[in-house]
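Only one structure is covered here, and it is reproduced in the block below.
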2 protein chains.
Amino acid sequence: VIDRVALGIDIGGTKVAAVLVDSAGTVLARERGPVAPESNEAALASIFAVSDRLFDTYGRDRTQLAGIGAGAPGGIDWRRGVLTGATNLAWQDLPLGQALSERYGVPAVVDNDVNVAAWGERCFGGWPVPIQHLVFITVGTGIGAGLIESGRIVRGRRGAGEIGHIPLLENGPRCKCGLVGCLEAVASGPALGALGCQLAAGGSPTLLALAGGNAKAVTAEHVFAAAQQGDTGAQWLLERQGYYLALCVLISWRMLDPDVVVIGGGMAEAGPPLFEALWSALRRLRPDRSWGQQIGGTDARRDPSEYAVPTRLGADAGAVGAAALVLQPEAGFVEEGIISLPSR
Amino acid sequence: VIDRVALGIDIGGTKVAAVLVDSAGTVLARERGPVAPESNEAALASIFAVSDRLFDTYGRDRTQLAGIGAGAPGGIDWRRGVLTGATNLAWQDLPLGQALSERYGVPAVVDNDVNVAAWGERCFGGWPVPIQHLVFITVGTGIGAGLIESGRIVRGRRGAGEIGHIPLLENGPRCKCGLVGCLEAVASGPALGALGCQLAAGGSPTLLALAGGNAKAVTAEHVFAAAQQGDTGAQWLLERQGYYLALCVLISWRMLDPDVVVIGGGMAEAGPPLFEALWSALRRLRPDRSWGQQIGGTDARRDPSEYAVPTRLGADAGAVGAAALVLQPEAGFVEEGIISLPSR
């Protein structure tokens with residue numbers, strides 16, 4: 001019996017990652033390369049280059065290839081498989097689905113990078129039972145969420161899950177979106193790094209040493225390291241980071257009442273220190289009255305470490321999720337018959 | 001041609017409202033009566049009494065009756081049409097769907113009161129185009145939301161849309177759910193009334209006069225009236241109320257990216273003063289940078305008064321929405337074949 005495989009492509013702001021995945025979610029091969037942002041043609045060529053190399057290296061018979069899924073940042077017209085545009089990228093109305101389908105002779109689907117990662121976690125996150133409701137929160141350069149409800153991707157009009165751009169902190173800093181107090185402005189990787197810079201400039205020898213003596217060079221990683229080394233200022237920043245992520249989890253949890261919230265993105269690579277800070281905040285923020293424990297999105301019997309969990313797919317979540325869209329088609333795609341097909 | 005009609009029942013903490021609605025959403029007749037909370041049998045008898053009276057008064061041939069919808073507070077097992085229990089009500093596992101279906105000989109469906117109101121606004125809110133994505137926020141004794149996404153009710157595991165119980169305000173008051181700083185603890189009707197009481201006790205002659213000289217008797221209505229009369233303290237409370245509701249709208253908007261957010265519940269009856277305060281806060285909270293204007297759940301070209309709108313169905317939203325579940329069945333009910341049918 002020959003298993004079906006899918007090609008999953010994760011397109012980022014600077015690089016393309018591609019994987020071949022079998023129907024159990026196992027990654028058979030990986031490739032990556034730079035993305036060419038300057039034009040539609042250059043972008044397609046850079047995406048094809050990585051995919052071609054993956055097939056060449058792996059050498060697998062293409063008759064097993066069931067289809068191609070792709071996830072990308074910025075605006076996506078998922079019905080037409082078109083990337084409408086993204087910050088830092090000069091693409092405009094790039095018909096990625098059709099182009100991939102034509103080149104490799106199989107069906108292709110395209111969706112937002114965070115939606116795709118959420119779908120990957122849902123299908124291949126290693127759950128003991130099938131998961132119908134899942135929120136995936138990505139924390140890295142930005143903060144966003146992919147929402148799965150009743151086995152469907154929640155998309156809204158143009159894009160749901162913009163959890164990083166709710167102006168929650170009335171006296172918070174200004175966000176690059178123009179609002180004041182968005183969670184992205186205080187809890188993204190660059191935001192935590194900027195807070196670390198302030199701390200170092202104010203006189204944290206640990207942080208300053210980690211950043212090679214340059215207070216302006218402090219990153220989020222340095223803050224995690226300094227906290228581990230006992231720097232109380234960095235520990236306080238980490239505690240705040242846990243609180244802000246707890247707000248993301250609680251907004252997701254109360255609004256969508258999912259089975260689980262999965263946290264990924266670059267910052268999740270910090271691992272236990274980040275998650276301990278998150279769980280500690282969530283334990284403080286559990287309703288302690290029976291009335292409160294009965295409302296939706298509350299589960300007083302479970303510890304937060306059971307429902308707010310790190311990604312298992314890690315940096316592969318986007319690419320594996322894109323492949324998952326082919327191997328376990330999402331209801332919205334199926335119902336609307338949305339898939340790019342080769343013209344021959 | 002004889003039109004189909006549906007019976008819609010809205011069960012509250014103290015009263016039952018029932019309406020007969022035709023397929024255009026027109027309310028043909030209304031009845032209401034007290035709800036008996038002490039047992040399942042008493043509750044059913046009180047619900048039947050109102051429904052019977054509606055049919056008696058209206059005298060319409062029951063052959064037109066397409067079915068019955070009911071909305072209720074508290075826990076609902078919508079798959080089985082069972083009310084599992086609610087605060088202040090002694091019901092337990094009340095099989096309402098089956099009971100209604102048996103009594104009137106037609107199919108019946110049951111759902112959460114806020115979901116049902118959201119469905120009513122979606123079907124019969126008088127929109128110029130069909131609405132696929134809608135959030136209904138109810139502000140009254142409590143604060144909650146009903147979420148419609150891609151023409152479906154978002155339910156999550158046990159109950160989605162618990163927007164009133166996200167602990168957003170780190171230094172806010174304690175909520176009855178046990179958490180600190182939930183929006184319900186600062187912006188529900190009773191919360192606004194309590195803030196008004198503090199203001200009156202601190203020396204607001206306008207508020208004190210409106211409450212008959214008793215600072216402890218100040219209600220949310222008094223706060224609205226005092227603000228209209230130029231009381232600056234009450235005007236400040238109203239401004240804060242607008243801000244808190246704006247947070248509810250923005251959480252809904254960024255997370256779900258709906259076509260529209262509808263605001264109902266008892267406090268919406270305050271009308272223009274409340275909505276002007278809300279819109280004013282939302283105008284302040286619009287991203288003013290082009291990057292921010294492109295993210296989902298943002299529509300810089302529209303004024304907030306176009307996308308955060310008062311309920312058109314008013315106090316009928318729940319009952320009309322329950323009837324709408326029959327007249328325009330929701331996809332989740334249809335797919336799962338969830339409907340109580342009479343046994344003969």
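The values are calculated or read from the model by the stated rules, or taken from the named source; none is laboratory data. Computed from a predicted structure; not experimentally measured. As a convention, Cβ positions derive from the backbone with ideal geometry for all residues, glycine included, and neighbour counts pool all protein chains shown. With ligands, DNA and RNA removed, areas are computed over all heavy atoms of the protein, side chains included. Shrake-Rupley method; radii C 1.70, N 1.55, O 1.52, S 1.80 Å.
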- So, in Å, what gap is there between the alpha-carbon centers of the range B:1-74 and the range B:129-181? 26
- Task: Over the range A:110-214, give the accessible area per residue in Å² for a 1.4 Å probe, as an integer.
- Result: 32
- Query: Suppose R0 equals 35 Å; then what is the FRET efficiency for A:R174 and A:E269 from their Cβ-Cβ distance, rounded to the nearest 0.05?
  - Reply: 0.80
- Note on the structure: To the nearest 10 degrees, the tilt of helix A:232-256 (Cα long axis) against the first principal axis of the alpha carbons of chain A is 50
- Going toward the positive end of the dipole of the protein assembly as shown, with +1 on Lys and Arg Cβ and -1 on Asp and Glu Cβ, which of A:G181, B:Q198, B:T141 do you reach last? B:Q198
- Item | Folded to 0 to 90 degrees: helix B:189-201 orientation relative to chain B principal axis, Cα | 30
- Query: What residue among B:I47, B:I68, B:I295 has the largest mean-square fluctuation in a Gaussian network model of chain B, using Cα springs under 10 Å?
  - Reply: B:I295
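Once you average over the residues of A:146-156, how many Cβ atoms of partner chains fall within 10 Å of each Cβ? Mind dumping the intermediate values first?
Numbers: counts 0, 4, 0, 10, 10, 0, 4, 2, 9, 6, 14.
The shielding value for this peptide is 5.
How much of the pair distance distribution for the range A:7-91 lies past 21 Å, counting alpha-carbon pairs only, in percent? Spell out each step's value before the answer.
Working: 1064 of 3570 pairs.
That tail contains 30 percent of the Cα-Cα pairs.
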- For the range A:241-289, what is Rg from Cα atoms divided by 2.2 N^0.38 Å, rounded to two decimals? 1.14
- Note on the structure: A convex hull over the alpha carbons of the protein assembly as shown yields, per residue, a volume in Å³ of 184
- Of the residues B:G297, B:L274, B:P310, the Cα lying farthest along the dipole of the range B:254-334 towards its positive end, which is defined by charges on the beta carbon of Lys, Arg, Asp and Glu, belongs to B:G297
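For the range A:109-246, report the % of Cα-Cα distances exceeding 18 Å. Walk me through the numbers on the way to the answer.
On the way: 5757 of 9453 pairs.
Percentage above 18 Å: 61.
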- Message: Please list the three semi-axes, largest first and in whole Å, of the ellipsoid equivalent to the range B:75-114, using sqrt of 5 times the eigenvalues of its alpha carbon gyration tensor.
- Response: 19, 11, 8
- Query: Helix B:272-284 versus the longest principal axis of chain B: what angle, 0 to 90°, nearest 10, using Cα atoms?
  - Reply: 70
- DSSP-defined antiparallel bridges as percent of all bridges, chain A, nearest 5: 60
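If you average the sequence gap of Cα pairs under 8 Å that are 6 or more apart and divide by the length of chain B, what percent do you get for the contact order? Walk me through the numbers before you get to the answer.
On the way: 764 pairs, mean separation 73.4, N = 344.
Averaging sequence separation for qualifying contacts and normalising by length gives 21 percent for chain B.
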- Query: With labels modelled as points extended 7 Å from the Cα through the Cβ direction, what inter-label distance (nm, one decimal) is found for A:E276 paired with B:Q64?
  - Reply: 6.9
- Note on the structure: The alpha-carbon pair-distance distribution computed for chain A, with 10 angstrom bins and whole-percent values, is 6, 25, 31, 24, 12, 3, 0
- Query: When the chain is fully extended, how far beyond the present Cα-Cα distance does B:Q92 get from B:T14, taking 0.36 nm per residue of separation?
  - Reply: 26.4 nm
- Message: Counting only protein heavy atoms and a 1.4 Å probe, tell me what percentage of the protein assembly as shown's accessible area is made up of carbon and sulfur.
- Response: 52
- Mean shadow area (nm²) of the C-alpha convex hull around the range A:148-220 is 7.0
- Note on the structure: Rounded to whole angstrom, the alpha-carbon centroid of the range B:265-339 lies from that of the range B:79-115 at a distance of 26
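Give me the Kirkwood hydrodynamic radius of the range A:1-154, using the inverse of the mean 1/r over all pairs of distinct Cα atoms, in Å to one decimal.
Working: mean 1/r = 0.0627 Å⁻¹.
Every distinct Cα pair counted, the radius reaches 15.9 Å.
Nearest 500 deg cm²/dmol is fine: what mean residue ellipticity at 222 nm does chain B get from its DSSP H runs of n ≥ 4 alone, each adding -39,500 (n - 2.57), divided by its residue count? Each step should come with its number before you reach the end.
Working: 13 runs with 137 residues, N = 344.
When only DSSP H runs of four or more count, the value is -12000 deg cm²/dmol.
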- Give the nm distances, rounded to one decimal, from B:N214 to the matching residue in every other copy, measuring between label points 7 Å along Cα toward the beta carbon; shortest first. 7.0
- Roughly what percent of Cα-Cα pairs across the range A:185-275 reach past 20 Å? 35
- Query: Once you charge only the Cβ atoms, +1 for Lys and Arg and -1 for Asp and Glu, what is the size of the charge dipole of the protein assembly as shown about its Cα centre, to the nearest 20 debye?
  - Reply: 420
- Query: For the range A:276-316, what is the charge dipole size about the Cα centre, in debye to the nearest 20, if Lys and Arg each add +1 at the Cβ and Asp and Glu each add -1 at the Cβ?
  - Reply: 180
- Message: At 7 angstrom along the Cα-to-beta-carbon line, where would the label on A:G126 sit relative to the other copies? Give the distances in nm, shortest first.
- Response: 5.6
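Let me know the charge dipole size of the range A:147-197 about its Cα centre in debye, to the nearest 20, where only the beta-carbon of Lys, Arg (+1) and Asp, Glu (-1) is charged. Don't skip to the answer; put the middle values down first.
Working: 6 positive and 4 negative charges, 55 e Å.
Here the range A:147-197 has a charge dipole of around 260 debye.
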- Query: Two-decimal Rg/Rh of the range A:93-142 from alpha-carbon positions, Kirkwood Rh?
  - Reply: 1.10
- Note on the structure: Expressed to two decimals, the range A:246-344 has a Cα Rg over Rh, using the Kirkwood radius, of 1.11
- Note on the structure: Of the residues A:I153, A:F48, A:L169, the Cα lying farthest along the dipole of chain A towards its positive end, which is defined by charges on the beta carbon of Lys, Arg, Asp and Glu, belongs to A:L169
- Query: When each copy gets a label point 7 Å from Cα toward the beta-carbon at A:P342, what are the spacings between them in nm, shortest first?
  - Reply: 5.9
- Task: Grab the beta carbon distance between B:R157 and A:Q328, set R0 = 25 Å, and tell me the FRET efficiency rounded to 0.05.
- Result: 0.75
- Task: Run through every distinct alpha carbon pair of the range A:205-251 and return the Kirkwood hydrodynamic radius in angstroms, one decimal place.
- Result: 11.1
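When you count, for each residue, the other Cβ atoms within 10 Å and take the mean per peptide, how do B:90-100, A:316-326 rank with the highest first?
Details: B:90-100: 20.5, A:316-326: 30.7.
My ranking of the peptides, most packed first, is A:316-326, B:90-100.
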